[in-house]
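The values are calculated or read from the model by the stated rules, or taken from the named source; none is laboratory data. Bear in mind that the values here come from a model prediction, so they are computed numbers and not experimental data. Counting neighbours? That spans all protein chains shown, and the Cβs are built from the backbone with ideal geometry, glycine included. Note: areas computed on protein heavy atoms with side chains; ligands, DNA, RNA excluded. Shrake-Rupley method; radii C 1.70, N 1.55, O 1.52, S 1.80 Å.
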Amino acid sequence: MMHEEDDDMVVDMVHLIQLHVMPRRVRCREFFNDFDPLRSGRCSEANFARALGNLGMRFTEDETKMLATHFTQYGPKVSKPSVVNYMHFCAEVDKIFADEETHENMKSMMMTSSPGSTVMSTFIPNTMEDEEHFMHVLHRVAVLCKAKGVVIKPLYTDLDRSAVPSPSMLNSRRGGKVTRDQFKRNWPFKKEMNPEDLELLCDRYATPAGDVHFMALHNEVSEVLPEPAQPFPTSPLHLRPDSTEWAHQEVSVVQRIQAKVVEKRMRLKEHFQDFDALRKGLCTPGQVKAVFTILNLSREIDRNDFETLLSLYMQDDGLFNYQAFVLDVDRAFTTPGLERDPLAMTEMPGSEQTSLARRNPMRLSPSKQAKIGKLEDRIRTFIRKRRVLMKPMFQDFDKCHRGYVTRNQFSRIMSMMNIELDEKAVGYLCNTYCDLGNHNDFNWKRFMIAVDPPAEDVETAMLEMTSPFIAFRPKSYFNDRGRVLGKTMSMPML
């Protein structure tokens, strides 16, 4: 039987193991698995000592035997030599991970070196005879660090964890310790402090091996330092509430997707069928999002539009009916039931059908439209009287030939042309010609057509130059209904 003194020693040893395990986030059971192939939860006393050595604990032979005796299991199912219940031992050690009070007590030993701030040290500073004098020295070191912007930890990091093998590195890497001579040699305040105070610091943070634990000094100096400096000024993005009404707000999401499909001449059905091997006409919402991403349609609709689209074509079983969706979108290309009406005429989609995909203008009130009309008349009169060319000025700012300039560039162009417009007038014009769904991109080509329209003959000549060549074709001998035309009607025009 063990005495009460032995029990206290076992508790102290377990606590020492917990202090060793906690900062390293080590689970003790991993070191015992190699000695227990049958996973019985028990091992021999010799293997128990070996596991403690692999864990990094250095106990004497008597202490190891006392610890093994404390966790020895007795019973009919226990057979020698595997009598030490290491599972019970690991459970006692792992209690440290659930003890919040111990976590708070160990924060004073927190190390901030790599690999992270969760790494701690089991080092406990030595007690000094004149504690008041030591605190005065510690406060002085903290004030010097704050005044000169010195951090103690980087001064000794090269000696602590050098990646190159060197005879000067006498301690283990990331141990937070250096030799006494290294600590004195790299000390930054040799002129401000006398050698006695430096020796006092060395004695305070001296380890049993004679080294100096600089990380403990760094942590205590950080605690003694006054309140941290004021944070750097930041400028977070705060978007102003925008009450502007856009054209897309009155158009359904299906119509916008249809306009984009017509503009790019895309086929939706084949992309949906890649996810529908049985051709049931159904797919999941995630597959719908994947199809939109492949076709580059995901940036045309936001999350609310996607939810609206799902609510329109979602079935009760949670699947998306893409067949009905594709039929609704393809109505821009085809007319259902066209074979039943042979005389029906179909037309190819034009710019009117694709305008929803290319433009998103603002909705303006009649009073604002009247003010914009007066501004356009004033600019139109100025251009007609002065006979100035504005197009080269816009082209100089539009390097990519997009047909758009920024709002500030438009204001600069007006100022360079000596057209006096205040900020309010520029805002009115931007409300009309910013048609991409934002307040910054100004459509200068539309603006040029409105304030400097070409003459009728010039427009006709440009249309003829840009239109394809049409060769001479005589009139046909049959009309639209298949009847023969008269002689005079079928004669070619000379």
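Let's see how each residue does on (1) open to solvent by 20 Å² or more (accessible area, probe 1.4 Å); (2) in a helix (DSSP H, G or I); (3) hydroxyl-bearing (S, T, Y); (4) at pLDDT 85 or above:
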position	(1), (2), (3), (4)
S166	yes, no, yes, no
M169	yes, no, no, no
L200	yes, yes, no, yes
G210	yes, no, no, no
M215	no, yes, no, yes
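State yes or no: is D130 modelled with pLDDT of 60 or more and loosely packed, with under 13 Cβ neighbours inside 10 Å? Yes; evaluated as a whole, the condition is true for this residue. Among residues of region 452-463 that are in contact (Cβ under 8 Å) with a residue 40 or more places away in the chain and under 20 Å from V388 (Cβ atoms), those with a beta-carbon under 8 Å from a residue that is among the β-branched types (V, I, T) and open to solvent by less than 70 Å² (accessible area, probe 1.4 Å) at least six positions away or on a different chain give the pairs D452/I383.
This table checks each residue for (1) touching a strand residue (DSSP E or B) at 6+ places or on another chain (Cβ under 9 Å); (2) surrounded by 12 or more Cβ atoms within 10 Å (Cβ to Cβ); (3) under 10 Å from Y86 (Cα atoms); (4) without any contact (Cβ under 8 Å) to a residue 12 or more places away in the chain.
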{"position": "I17", "(1), (2), (3), (4)": "no, yes, no, no"}
{"position": "H20", "(1), (2), (3), (4)": "no, yes, no, no"}
{"position": "R25", "(1), (2), (3), (4)": "no, no, no, no"}
{"position": "E30", "(1), (2), (3), (4)": "no, yes, no, yes"}
{"position": "R39", "(1), (2), (3), (4)": "no, no, no, yes"}
{"position": "C43", "(1), (2), (3), (4)": "yes, yes, yes, no"}
{"position": "F48", "(1), (2), (3), (4)": "yes, yes, yes, no"}
{"position": "K65", "(1), (2), (3), (4)": "no, yes, no, no"}
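Of all residue pairs spaced 6 or more apart or on separate chains, none has beta-carbon atoms under 8 Å together with a first member in region 311-327 that is over 10 Å from C283 (Cβ atoms) and touching a residue at least 60 places away in the same chain (Cβ under 8 Å) and a second member that is of a type in the set (F, W, Y) and loosely packed, with under 13 Cβ neighbours inside 10 Å.
Residues are listed down the side, and each one gets a yes or a no for (1) free of Cβ contacts under 8 Å to residues at least 12 places away in the same chain; (2) in a helix (DSSP H, G or I); (3) of a type outside the set (V, I, T); (4) farther than 28 Å from D302 by Cα:
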site	(1), (2), (3), (4)
E376	no, yes, yes, yes
T381	yes, yes, no, yes
D396	yes, yes, yes, yes
K399	yes, no, yes, yes
R402	yes, no, yes, no
V405	no, no, no, no
F410	no, yes, yes, yes
N418	yes, no, yes, yes
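Being open to solvent by less than 70 Å² (accessible area, probe 1.4 Å), in contact with a helix residue (DSSP H, G or I) (Cβ under 9 Å, 6 or more places away or on another chain) and in contact (Cβ under 8 Å) with a residue 40 or more places away in the chain, is that true of even one residue in region 226-239? No, region 226-239 has no match at all.
Checking each residue in region 451-494 for being of a type in the set (V, I, T) and at pLDDT 75 or above picks out V451, V458, T460, T466, I470, V484.
Only one of the numbered conditions (1) under 20 Å from R358 (Cα atoms); (2) more than 31 Å from the chain's Cα centre (by Cα); (3) not in a loop (DSSP other than H, G, I, E, B) is not met by M266, and that is (3).
Output the number of residues of region 67-88 satisfying the condition of being under 22 Å from Q18 (Cβ atoms), open to solvent by 40 Å² or more (accessible area, probe 1.4 Å) and not hydroxyl-bearing (S, T, Y). So the count comes out to 4. With respect to being of a type in the set (A, V, I, L, M, F, W, C) and open to solvent by 90 Å² or more (accessible area, probe 1.4 Å), L463 fits the description.
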